[in-house]
Amino acid sequence: MAVEKMKAVDLIGDLSVMDQVIIDILKTGSMEFVDAQRQIDNNAFNFNLEDEENLQRTIELNYVEGFEKDKNKAENPEKAEEIMDFFGINKVDNRYLNNISNVDGFKDLFVKVQDLISQSKEVSQNLKMIKSLKENYLMFKDVNVDFEKLSNLEYFDVRFGILDKEARYKLRKNYENILAVIFHTGTIDKNEIYLAIFPKEVANEINTILRSLNWQDVNIKGKYKGTGQEIIEKISLEEKELEEKAKSIGEEKEELYKNKKSEIETMILKMLLSEKVDEAKEKMVKSKNYFYLSGFIAKRDEENLKEVLSKYKGLGINFKDLKDARQSIPTKLKNGRLFKPFETLVKMYGVPSYNEIDPTPLFAISYMILFGSMFGDLGQGAVFFLGGLYLSKKTNPDFGGLLTRLGISSMIFGLLYGSVFGSEEIIPALFLRPFDNINKVLVIAVGFGVILVSISFVLGLINKFKNKEYEEAYFGKEGLAGFLIYLSMLILGLSAMANINIINKKIIAAVMIASLICLVFKGPLGKLVDENSKNREIDASYYIESAASLLEALMSLLSNLISFIRVGAFAINHVGLFMAFQTLGAMMTSKGANILVLIVGNLVIIGLEGLIVFIQSLRLEYYEMFSKFYTGDGYEFKPLKLN
């Protein structure tokens, strides 16, 4: 449950095996490719120069260049998807990856498939056009005139079209004003079908009138010879021929897929792979004879990668430890099933740096306790749990997993509080009832907060020492000085409010004053312990700024002490909110109305208060805890893999 140890990888090989090497790496899904050119420029790409072959490869490092994208291969993914649609393939079987020897190949099969796809498209388009034409001519099947002759009249224009019934009434009223012959030929779906014949001399006037009536043209002029009925018969024959051809193509397609299933799916895989291979090449460089590749892998994947690439003779691989790395290192989190869903909330704040402690386990445990203690209810927690299970299986596994865990926490605290859907009369409380023990709940909440903040200070110190930030570790407000001030304020508060004397007040006061002085003089003191601070200039403005920031530091530490009161307040408020709905329900005149109010009340509490508690728990984690030890300045490890 931490940040995984990583290794850098430099790899050199012959261009002849490059594509297959990339594919084998992609199969493992374990490497994040990085810019090899930058590695070379920073003198971070290196090999054992005593090896004569590596010496030649290293010499060629002086003549490297990037890869140009192959425009033909750029179309491969689209073509692959087209082939998958044609054969009705939803998912390609990855076992066919073992059949791949190179990214090119299967040219004859590809030509055959593309020819079938083209034929299928052509027949489909022609069928669509024929059916559309048939529908148009069916509207005029009773017109016993040769359509070709109508289309070629010397002095008259002809228009075939559709009018709705309202436009038909308008047309009837204005027949005597229109210099045209308009035939009603039928009715289809509440629309009227017409044939209009008018002199070409008045075409503009008639067209304007028809346009005002929302005339919709049916374009069939000159398509076929003969009357409407004769043309429909011809079209029906063409339609039948095209349907038979489509059936023949379909049978040929099924036969081809049956006999060449493995070859077709392997070809599709190759075409899809070309996009991923090109994506990898964007990070690589080449010389006349070799390719150069750099990346990161998890340390535990090193042996597996070595084994996968061992079949390539003469491939140069160099795995490097990252203690003195010259580039930023990606972070790969390693958490168990219980904590995994909480990584999403941690990443909302920021991804841990490679040398930083992963806060996910602490975050997960503390967040579940905070949420459950503020929203402790057996019934409402069960609703969260069931909702999380549904989301995990249907839509969002990460948020679903988070919700199930919060539901379990809420249910546990519901048993401790004796609360079921807001009611405290169904089961006994195993620990206490918050509304009946207000002071005790608030004290417990503050005490739990003190524990969490103290842990945060300790983790912050570990991180700072780990990263050799000695000035901040000793004299910063989130360092040892700030922690001592926090503990001093806590002990003095216990002494004043509860008359609990843990350590002599004078000693505590002296420690607190010394720590405050360390905060003000952090810069000069830092020069004594931190190499990175020795050359820093310090003037009078620095001390003025430090003195001013001292008040901010004290206010921040004081807020840390009292901020967790909200945990107890929400635990009490949760019961109080249900009591309000319970009182409102008791005022109803019928039992049904009372039950309805209680149901609505529970829905409001689950939705509204659940969201508020979710946000408040997040606020306590981010501002009261993470600010003490967590920077989140890293970036996530994203290996290039096959999907």
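The values are calculated or read from the model by the stated rules, or taken from the named source; none is laboratory data. Here the structure is a predicted model, which is why all the values come from computation and not from measurement. As a convention, Cβ positions derive from the backbone with ideal geometry for all residues, glycine included, and neighbour counts pool all protein chains shown.
Could you list, in sequence order, the residues of segment 578-634 that are of a type in the set (K, R) and within 27 Å of the chain's Cα centre (by Cα)?
R619
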Selection count, segment 335-388, where residues are aromatic (F, W, Y) and outside any helix (DSSP H, G or I): 3
Please give the number of the condition E154 fails out of (1) over 26 Å from K134 (Cα atoms); (2) at pLDDT 80 or above; (3) outside any helix (DSSP H, G or I). (2)
If you take just the helices (runs of 4 or more DSSP H) that sit entirely in segment 1-98, which of them hold at least 1 residues that are at pLDDT 85 or above? 18-28, 36-41, 76-87
Qualifying helices (runs of 4 or more DSSP H) (wholly inside segment 421-503; at least 1 residues being among the aliphatic types (A, V, I, L, M) and surrounded by fewer than 20 Cβ atoms within 10 Å (Cβ to Cβ)): 438-466, 480-498
Do we find that V113 is part of a loop (DSSP other than H, G, I, E, B), within 23 Å of D278 (Cβ to Cβ), modelled with pLDDT of 75 or more and in contact with a helix residue (DSSP H, G or I) (Cβ under 8 Å, 6 or more places away or on another chain) in this structure? no
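Whether any residue in segment 504-526 is part of a loop (DSSP other than H, G, I, E, B) and surrounded by fewer than 19 Cβ atoms within 10 Å (Cβ to Cβ) is what I want to check.
yes
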Does Y367 satisfy the criteria of being hydroxyl-bearing (S, T, Y) and at pLDDT 95 or above? yes
Just to be sure, is L163 surrounded by 13 or more Cβ atoms within 10 Å (Cβ to Cβ) and at pLDDT 75 or above? yes
Give the residues of segment 582-641 that are surrounded by fewer than 16 Cβ atoms within 10 Å (Cβ to Cβ), of a type in the set (A, V, I, L, M) and farther than 21 Å from A382 by Cα, sorted by residue number. L584, A586, M587, M588, A593
Yes or no: D324 surrounded by fewer than 17 Cβ atoms within 10 Å (Cβ to Cβ) and either in contact with a Cys (Cβ under 7 Å, 6 or more places away or on another chain) or modelled with pLDDT under 90 (or both)? yes
Just one of (1) part of a loop (DSSP other than H, G, I, E, B); (2) under 39 Å from the mean Cα position of the chain (by Cα); (3) farther than 30 Å from T344 by Cβ trips up G314, so point out which. (2)
Looking only at segment 280-321, and only at residues there that are crowded, with 17+ Cβ neighbours inside 10 Å and out of contact with any strand residue (DSSP E or B) (no Cβ under 7 Å at 6 or more places or on another chain), the one that is nearest to F399 (Cα to Cα): D301
Just to be sure before I move on: is E279 more than 20 Å from K638 (Cβ to Cβ) and of a type in the set (D, E) in the structure I sent? no
Is one or more of the residues making up segment 387-410 out of contact with any helix residue (DSSP H, G or I) (no Cβ under 8 Å at 6 or more places or on another chain), β-branched (V, I, T) and within 30 Å of K466 (Cβ to Cβ)? no
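Take A481 and tell me if it is among the small types (G, A, S), in contact with a Gly (Cβ under 7 Å, 6 or more places away or on another chain) and within 27 Å of G634 (Cβ to Cβ).
Spelling it out, it is not the case that A481 is among the small types (G, A, S), in contact with a Gly (Cβ under 7 Å, 6 or more places away or on another chain) and within 27 Å of G634 (Cβ to Cβ).
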Selection from segment 528-553 of residues surrounded by 16 or more Cβ atoms within 10 Å (Cβ to Cβ), touching a residue at least 40 places away in the same chain (Cβ under 8 Å) and not in a loop (DSSP other than H, G, I, E, B) yields S533, A553
Whichever residue in segment 305-344 is touching a residue at least 12 places away in the same chain (Cβ under 8 Å) and among the hydroxyl-bearing types (S, T, Y) and, among such residues, is farthest from K5 (Cα to Cα): Y312
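Conditions tested, residue by residue: (1) assigned to a loop (DSSP other than H, G, I, E, B); (2) touching a Lys or Arg at 6+ places or on another chain (Cβ under 9 Å); (3) of a type in the set (A, V, I, L, M); (4) without any contact (Cβ under 8 Å) to a residue 24 or more places away in the chain.
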{"residue": "F578", "(1), (2), (3), (4)": "no, no, no, no"}
{"residue": "A593", "(1), (2), (3), (4)": "no, no, yes, yes"}
{"residue": "I599", "(1), (2), (3), (4)": "no, no, yes, yes"}
{"residue": "L603", "(1), (2), (3), (4)": "no, no, yes, yes"}
{"residue": "E609", "(1), (2), (3), (4)": "no, no, no, no"}
{"residue": "Y622", "(1), (2), (3), (4)": "no, no, no, no"}
{"residue": "M625", "(1), (2), (3), (4)": "no, no, yes, no"}
{"residue": "T631", "(1), (2), (3), (4)": "yes, no, no, no"}
Given the structure, is E205 more than 14 Å from E135 (Cα to Cα), at pLDDT 80 or above and not in a loop (DSSP other than H, G, I, E, B)? yes
Residue among V351, V285, V346, V277 that is among the β-branched types (V, I, T) and under 30 Å from D85 (Cβ atoms): V277
